[in-house]
Amino acid sequence: MPKTITQKILEAHSVSQKKEYAPGQEIAIRIDQTLTQDATGAMAYLQFETLEIDLVDTKISVNYVDHNTLQMGPENADDHRYLQTIAAKYGIIFSRAGNGICHQVHLERFSKPGETLLGSDSHIPTCGGVGMIAIGAGGLDVAVAMGRGTFFLSYPKVIKIHLYGKLKPWVSAKDVVLTVLEIFSTRGNVGYVFEYGGEGVKTLSVPERATITNMGTECGVTTSIFPSDERTREFLKAQCRESDWAPIQADEDAVYDSVVKIDLGEIVPKVAYPHSPGNIKQVRDLAGLKIKQVCIGSCTNSSYRDLMVAAEILKGKTIHPDVSAVVAPGSRQVLLMIARESALYNLLSSDLRLLESSCGFCCGIGQSPQTDAVSLRTSNRNFLNRSGTKSAQVYLVSPETAAASALTGEITDPRDLGTPYPHIWIPDKFIIDDSMFIQPSERPERIEIYRGPHMGTVPLSKPLPENILGEVTIKLGDNVTTDHIVPAGSRLKYRANAAKYAEFTFEVVDPSFYERAATIRDQGRDNIIVAGLSYGQGSSREHAALCPMYLGVRALLAKSIERIHKANLINFGIVPFTFVNEADYDWIDQGDELEIPDTRHLLQENKKIPVFNKTKNKTLEASVELSEREKEIILAGGTLPYIKETQKNNPT
């Protein structure tokens, strides 16, 4: 039977022993590689330790320090030392601070066509640019995969995005993925994979493809993937890894669930306006809007090609006096390359400031804009307050648009600069220096794991009760992101201490939530969250489920829930209910008392579940879609209690 690229890789890695695969069916796949970073990694490895496993069970596992590199206060430095010693002991490669952003570095040094990659960051699909099945997940799922080598997911539907034509000057891969977001939006795509094909694919380099797969995450798909072809081979050869190349194409008559065609030649410079990556307009529609900040970098747009383009645009010029502008190379390799090619000189002489090769401004660590400022960024998210300034207006653009606008002091379509388009020559060989990777110890038994005084423990939930009885502690609208649930930025340093981090739960939308939820929990009642469509968009951060669990949240009742967040809720024993009738959302208010009787029994019987609103004396209906394995996890109170219970019953 003819197959898509997605089907070929998933089925080759399946350990489910199935003869036929159907969309929505849960399968287990073998994981070849894992990726963690410092913001999500500390808790992931605390959880890994509870599994009591001697070494990771993957081909390659890498931990990167790329988020909290400013090390404000001792918490970050303590966590980084913990991660380095954990890596040395358990067989994990450690990427030191300054080596670069995990996605860019992994693409350069470890990506391999046809393999599977699981990581505790939602932008793991970046490596789909070389033909990997690369999936973002919560830290606990990655910890389990490192220990057991497998990961469970729903067998996806596959949408082919057929590219044809060729991009015109001043239009880039960022504009392509913004076009994809314009077509598909940020919701309604759970359970799908975007698979790119068509003659237009050959016109895109691997870094350009990686930009597209990286930001495809914002659509909510499981992952995005390109074929592995001669362009892929060229990239790996330039990285001195040609032996890692393998051709991967969809069969000519492969059947897709749908096909969407995009003419690359028709795409124009685009922008995502506040406060969602799905709010798309043409740059010319916003031309003239005064700006105060430009940030070039992030895992989406910090490759050699991206920074060389920006450097050529800025060469011999200076940025507008009203604009604060910064650039962050995606990796040490990129920094060394642009320094060798004099592009770094061009950037700095234009009055841009150089930042460390790290995530930085993308996740609100530094470069918070001034009050009410318009900030143009080449990153992938512009959620409310993610920049660190709640009143700021963040727009997402290509490096071309960012550089052009930095010169003029207002949003500017780069086609209107009136200068020749800079065509960038990609070298046949990149600078290879892997000295900032620390290999695991050959004598792991001698490694003593460092634990800082601020590090917490892994909180565990209790088994699901027979009845859920509690209060609607907060009612939220549509498109609630994980940044709304638990903030990034300066709060990231508490990621290794769930009890402390929980104090900031929902602070962006309701600063009183923590005290209210803690009071209800201490009274022995359940906290219940009610939300609209697409709850849990954005980051894979498991703390958006872990912290609510710590505060006694037992159930979520939403119109719809995003994939990674739903998995995280299950991992921590929070029941992910959805409304049978979305209109019933209007019948619940914050402060209402809800009772969900006979929950354990109805959950096991796959029946619709009545939700009695005691405050309004009205019964609603909810449903919950779980595999048999997920039901057992929820009943046990989460994945770690489930594993411990399984190990107790099956000690061999």
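The values are calculated or read from the model by the stated rules, or taken from the named source; none is laboratory data. The structure presented is a predicted model; accordingly, all values stated were derived computationally and were not measured. Neighbour counts run over all protein chains shown; Cβ positions are idealised from the backbone, glycine included.
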**Request:** Consider only pairs whose beta carbons are under 9 Å apart and that are at least six residues apart or on different chains; among these, list those whose first residue lies in the stretch 421-449 and is farther than 30 Å from Ala310 by Cα and touching a residue at least 12 places away in the same chain (Cβ under 8 Å) and whose second residue is hydroxyl-bearing (Ser, Thr, Tyr) and part of a loop (DSSP other than H, G, I, E, B).
**Result:** Ile447/Ser441
**Fill in**
Sole miss for Val611 among (1) closer than 19 Å to Ser154 by Cα; (2) touching a strand residue (DSSP E or B) at 6+ places or on another chain (Cβ under 8 Å) is condition (1)
**Asked** Do you know which of the residues in the stretch 48-81 that are surrounded by 24 or more Cβ atoms within 10 Å (Cβ to Cβ) and closer than 19 Å to Ser539 by Cβ is modelled with the lowest pLDDT?
**Response** Asn68
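Here's the yes/no breakdown for (1) aromatic (Phe, Trp, Tyr); (2) crowded, with 23+ Cβ neighbours inside 10 Å:
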{"position": "Pro125", "(1), (2)": "no, yes"}
{"position": "Leu140", "(1), (2)": "no, yes"}
{"position": "Lys174", "(1), (2)": "no, yes"}
{"position": "Phe194", "(1), (2)": "yes, yes"}
{"position": "Gly198", "(1), (2)": "no, no"}
**Request:** Take the stretch 608-625 and flag every residue that is surrounded by 14 or more Cβ atoms within 10 Å (Cβ to Cβ) and touching a helix residue (DSSP H, G or I) at 6+ places or on another chain (Cβ under 7 Å).
**Result:** Ile609, Asn613, Lys616, Leu620, Val624
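For the stretch 572-607, how many residues are of a type in the set (Ser, Thr, Tyr) and either loosely packed, with under 14 Cβ neighbours inside 10 Å or part of a strand (DSSP E or B) (or both)? Break it down into steps so the answer makes sense when it comes.
Step one: of the stretch 572-607, the residues of a type in the set (Ser, Thr, Tyr) are 578, 585, 599.
Right, trim to either loosely packed, with under 14 Cβ neighbours inside 10 Å or part of a strand (DSSP E or B) (or both) and you get 578.
The number of residues fulfilling the criteria is 1.
Could you list, in sequence order, all residues of the stretch 152-179 that are of a type outside the set (D, E, K, R), more than 17 Å from the chain's Cα centre (by Cα) and within 30 Å of Glu20 (Cβ to Cβ)? Give the steps one after another, and end with the answer.
Pass one, the stretch 152-179, residues of a type outside the set (D, E, K, R): 152-156, 158-159, 161-165, 167, 169-173, 176-179.
Next, from what is left, pick out any that are more than 17 Å from the chain's Cα centre (by Cα): 152, 154-156, 158-159, 161-165, 167, 169-173, 176, 179.
Listed by number, the residues that qualify are Phe152, Ser154, Tyr155, Pro156, Val158, Ile159, Ile161, His162.
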**Asked** Can you name every residue in the stretch 399-448 that is assigned to a helix (DSSP H, G or I) and under 20 Å from Thr300 (Cβ atoms)?
**Response** Pro399, Glu400, Thr401, Ala402, Ala403, Ala404, Ser405, Ala406, Pro414
**Complete:** Within the stretch 370-397, restricting to residues that are of a type in the set (Gly, Ala, Ser), in a loop (DSSP other than H, G, I, E, B) and more than 19 Å from the chain's Cα centre (by Cα), the one that is farthest from Ile319 (Cα to Cα) is Ser391
**Request:** Could you tell me whether the stretch 479-496 includes any residue that is surrounded by fewer than 23 Cβ atoms within 10 Å (Cβ to Cβ), within 18 Å of the chain's Cα centre (by Cα) and without any contact (Cβ under 8 Å) to a residue 24 or more places away in the chain?
**Result:** yes
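Has the stretch 353-369 got at least one residue that is among the basic types (Lys, Arg), part of a strand (DSSP E or B) and either modelled with pLDDT of 95 or more or touching a Gly at 6+ places or on another chain (Cβ under 9 Å) (or both)? Lay out the reasoning, then the answer.
Pass one, the stretch 353-369, residues among the basic types (Lys, Arg): 353.
The next check asks that each one be part of a strand (DSSP E or B); those that pass are 353.
Still in the running and either modelled with pLDDT of 95 or more or touching a Gly at 6+ places or on another chain (Cβ under 9 Å) (or both): 353.
Yes, the stretch 353-369 contains at least one residue that is among the basic types (Lys, Arg), part of a strand (DSSP E or B) and either modelled with pLDDT of 95 or more or touching a Gly at 6+ places or on another chain (Cβ under 9 Å) (or both).
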**Request:** Scan the stretch 571-597 and report the pairs whose first residue is at positive phi and whose second residue is in a loop (DSSP other than H, G, I, E, B) and of a type in the set (Asp, Glu), with Cβ atoms within less than 8 Å and a gap of 6+ or a chain change.
**Result:** none
**Item:** Any chance Glu628 is over 30 Å from Pro277 (Cα atoms) and in the same structural domain as Ala496 (by TED's automatic domain parsing)
**Value:** yes
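Modelled with pLDDT of 95 or more, assigned to a loop (DSSP other than H, G, I, E, B) and in the same structural domain as Leu117 (by TED's automatic domain parsing), is that true of Val171?
Working: modelled with pLDDT of 95 or more: yes; assigned to a loop (DSSP other than H, G, I, E, B): yes; in the same structural domain as Leu117 (by TED's automatic domain parsing): yes.
Yes: the conditions hold for Val171.
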**Request:** Tell me, yes or no, whether the stretch 567-588 has at least one residue that is at pLDDT 95 or above, of a type in the set (S, T, N, Q) and more than 26 Å from Pro641 (Cβ to Cβ).
**Result:** yes
